[in-house]
Protein chains: 2
Amino acid sequence: MTESASSKPGSRHRILVAAATMLGENPAARLSVRSVAARAGVSTGSLRHHFPTQRVLEDAVLAGIYDLVAPDDPIHDTDTPARDRLVGCLRQILAPTGTGRQARAALRQTYETLIATEPTEETRQGYLALERTMQHRVEHWLAVLADEGALPHGDNAQRAKFLLTVVNGLTLERALPSAESVLVSENAALFAAVDAILGG
Amino acid sequence: MTESASSKPGSRHRILVAAATMLGENPAARLSVRSVAARAGVSTGSLRHHFPTQRVLEDAVLAGIYDLVAPDDPIHDTDTPARDRLVGCLRQILAPTGTGRQARAALRQTYETLIATEPTEETRQGYLALERTMQHRVEHWLAVLADEGALPHGDNAQRAKFLLTVVNGLTLERALPSAESVLVSENAALFAAVDAILGG
DNA sequence: GGTGTGCTATTACGGTGTACTAGTAAGGTG
DNA sequence: CACCTTACTAGTACACCGTAATAGCACACC
């Protein structure tokens, strides 16, 4: 879809892929102005022109990381490590939330239908159904990883529940104010959660 | 107990009170080397001699604050295992949320002041201060556990952030409909999160 | 031709944490 | 007394950070 855009060597795009790559290599990377600029082969001034502030850069990376790193369900892409795949899948769940105003709007939806007042039995069942599909989706991913030996056999239901709790926390935090961009800590949280599953 | 120590005008103590005072005046203060050194009337070199790294400084002042405020914190109950203690402490910050209608009311509060509309800068700063307090509290718990060897030394800030993300997820889930009692899966999630920290 | 306009590179400023060196005061030991 | 060791302090220096300001370049448009 960005074929015309990628045909142009636009440095904005290169900056984004550089930052996303760095984050992929090291989830706790700092994405400093100079390091990203150097990686992208541009100068800090150029970077600052496209992304006036660090927050803007990080949010942009966060918004675009899915298209750049996880185009579609990557659970079967055995080229990349299992943990990266699982993190990518979880991001898929987290993606529709968006950031900033969008995240608040998304939370507004669930708040008004489920929390503001005692939900009707119908909406309640609707949410529970959606939650179950999420649960099943995550469990499916875990089953795939377990089949290929990347995950010791165990209570995948409980594991999935834990992962969804983390995702819920990130969803809430996306709508809440934050001192810095959620990008880094969110990435770290996802990897920490996945490592807790895979390593334990 | 430090009466003899406080009788000596030792700069170490002055540094601690300076840092604590700054944190008292503004919970979001940065506690930079130069600022607390200037506040304490010492040089950066002197500060670095007593507190070789910034983390040591922050942990020291955090320990001082919380031991002075809450000396009977369950984190110090060395009779029970570390993971149980940490889970108990996390429960402590999860407790005021309540369950059911109460949890929805609690979430309603934060929703209306922070998410429903773009929050004012004042409320934003207020929330960020509160979040920082939580962060410091969890970091203090982790520092205590690290001191007694139950937790390998590492990036406690990131660990605390992860734990708070899980707590946020649980608070959200407390307000959402759930098929089973939240307490069971909640317990599992807390232990899973704590084990992810302690075991990794 | 001019003249904007978008993009880039360079440089600079103030901030951070940390490392290093020199100097000083105290306290023991010959 | 002299001497050395130790704890402490100050000052400076380094590398990095985010951001702002400036100047140069290419290209479209009138």
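Throughout, read-outs are computed from the coordinates displayed, never taken from laboratory work. What you see is a predicted model, and the numbers here were worked out from it, not measured in a lab. Cβ coordinates were reconstructed from backbone atoms using ideal geometry, including for glycine residues, and neighbour counts include every protein chain displayed.
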note = Computed over the stretch B:160-200, the Cα gyration tensor eigenvalues, each multiplied by 5 and square-rooted, give semi-axes in Å (largest first) of 20, 12, 5
request  = Go through the stretch A:91-198 and name the GluC sites (Glu not before Pro) that are in a DSSP coil and have 15 or fewer other Cβ atoms within 10 Å of their Cβ.
outcome  = A:Glu148, A:Glu180
task = Evaluate the Kirkwood expression for the hydrodynamic radius of chain A, namely the inverse of the mean inverse distance over all pairs of different C-alpha atoms, and round to one decimal in Å.
result = 18.4
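Would you order A:Thr97, B:Thr53 from fewest to most other beta-carbon atoms within 10 Å of each residue's own beta-carbon?
Numbers: A:Thr97 18, B:Thr53 9.
Taking fewest neighbouring Cβ atoms as first place, the list is B:Thr53, A:Thr97.
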inquiry  = Nearest 10 degrees is fine. How inclined is helix A:11-25 to the longest principal axis of chain A, computing both from alpha carbons?
reply    = 50
query = Roughly how tilted is helix B:54-69, in degrees to the nearest 10 and between 0 and 90, from the longest Cα axis of chain B?
reply = 70
task = Work out the length of the dipole vector of chain B about its Cα centre, built from +1 on the beta-carbon of each Lys and Arg and -1 on the beta-carbon of each Asp and Glu, and round it to the nearest 20 debye.
result = 580
ask   = Using r as the Cβ-Cβ distance of A:Glu25 and B:Arg55, and R0 as 35 Å, what FRET efficiency do you calculate, to the nearest 0.05?
value = 0.90
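Classify the protein assembly as shown: rounded, prolate or oblate, from the alpha-carbon gyration tensor (a ≥ b ≥ c, eigenvalue square roots; a/c under 1.5 rounded; otherwise prolate if a/b is larger than b/c)? Working shown, then result.
On the way: a/c = 1.62, a/b = 1.23, b/c = 1.32.
Because a/c hits 1.5 or more and a/b fails to exceed b/c, the protein assembly as shown counts as oblate.
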task = Would you kindly work out, in nm and rounded to one decimal, the distances from the label point of A:Thr80 to those of the same position in each other copy, ordered shortest first, with label points 7 Å along Cα-to-Cβ?
result = 4.1
ask   = Relative to the longest principal axis of chain B, what angle (0 to 90°, nearest 10) does the C-alpha long axis of helix B:101-110 take?
value = 50
inquiry  = Output needed: percent of Cα pairs per 10 Å distance bin for the stretch B:3-69, bins running from 0 to the one holding the longest distance.
reply    = 22, 59, 19, 0
task = Run through the other copies and list how far each one's label point is from that of B:Gly199, in nm with one decimal, shortest first; the point sits 7 Å from Cα along Cα-Cβ.
result = 1.0
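The stretch B:66-169: D in µm²/s via Stokes-Einstein (Kirkwood Rh, Cα pairs, 10 °C, 1.306 mPa s)? Please report the intermediate quantities before stating the final value.
Details: Rh = 15.2 Å.
So the translational diffusion coefficient is about 104 µm²/s.
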ask   = When every alpha-carbon pair in the stretch A:17-119 is counted, what percent end up more than 18 Å apart?
value = 58
inquiry  = Placing the label point 7 Å from Cα along the Cα-to-Cβ direction, what are the distances from B:Ala116 to the equivalent spots in the other copies, shortest first, in nm to one decimal?
reply    = 0.9
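Roughly how big is the protein assembly as shown's charge dipole about its Cα centre, with Cβ charges of +1 (Lys, Arg) and -1 (Asp, Glu), in debye to the nearest 20? Mind dumping the intermediate values first?
On the way: 40 positive and 46 negative charges, 312 e Å.
In debye, rounded to 20, the protein assembly as shown gives about 1500.
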